[in-house]
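Bear in mind that the values in this text are calculations on the coordinates, not laboratory data. Computed from a predicted model, the values in this text were never measured in an experiment. Don't worry about glycine lacking a Cβ; one is built from the backbone with ideal geometry, like all the others, and counts go over all protein chains shown.
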Amino acid sequence: EKKARLAQDSTTKGLATCRVLLAELEAHQDAWPFLTPVNHKAVPGYRKVIKKPMDFSTIREKLITNQYSNWETFIVDVNLIFENCERFNEDDSEIGRAGHSMRIFFDKRWAELLM
Ligand SMILES: Cc1ncccc1N[C@@H](C)c1ccc2c(c1)OCCCO2
């Protein structure tokens, strides 16, 4: 509850938990569309439609270079991946389904680890 949230917030423990969570996301079988930045040359229209691209390798780089002040700023970037996916991909598509699967997994795990 509140006390736990405060304890998790800007402590190193909160960010160490983000590393655990990110490793689980990267290892998930449905992570494949989200592991590296979308190459806009390979995906026509992506650069125009998606204003704030994000992917797991970029999040990892930001974690390593201390660009997240707390776990909440980390969560914002993870959710950006799923929002971008829903915006660009049909729900009934390979990548769309992978995005929904990853979001369900993520929502469950961060609640268990960080709340
Ligand atoms: C997350 C996302 N959203 C929209 C489009 C692509 C992606 N992911 C990228 C990594 C990707 C996945 C599948 C691809 C692809 C690129 O290359 C074009 C050829 C088809 O295969």
Exercise for review: Would you please put 94-103, 26-35 in order of how densely packed they are, using the mean number of other Cβ atoms within 10 angstrom per residue and starting with the highest?
Suggested key: 94-103, 26-35
Study note, to complete from the structure: Length gained if Gln29 through Ile104 is fully extended, taking 0.36 nm per residue and subtracting the Cα-Cα distance, is 25.7 nm
Check your understanding: What value, in deg cm²/dmol to 500, does the helix sum -39500 (n - 2.57) over DSSP H runs of n ≥ 4 give at 222 nm once divided by the residues of the chain?
Key -> -20500 deg cm²/dmol
Review point. Residue-wise, which Karplus ³J(HN,Hα) couplings in Hz belong to the stretch 76-89, taking 6.51 cos²θ - 1.76 cosθ + 1.60, θ = phi - 60°, and x for glycine or proline?
Key: 4, 5, 5, 5, 4, 4, 6, 5, 4, 4, 5, 6, 8, 10
Check your understanding: Among the listed pairs Lys13/Lys62; Lys2/Lys108; Lys48/Lys108, which are separated by more than 22 Å between their Cα atoms?
Key -> Lys48/Lys108
Check your understanding: With all pairs of different alpha carbon atoms counted, what Kirkwood hydrodynamic radius in Å does the stretch 1-110 show?
Key -> 14.6 Å
**Study point:** Loop-located trypsin sites (Lys or Arg not before Pro) in the stretch 51-86 whose Cβ has at most 10 other Cβ within 10 Å (DSSP)
**Key:** Lys51
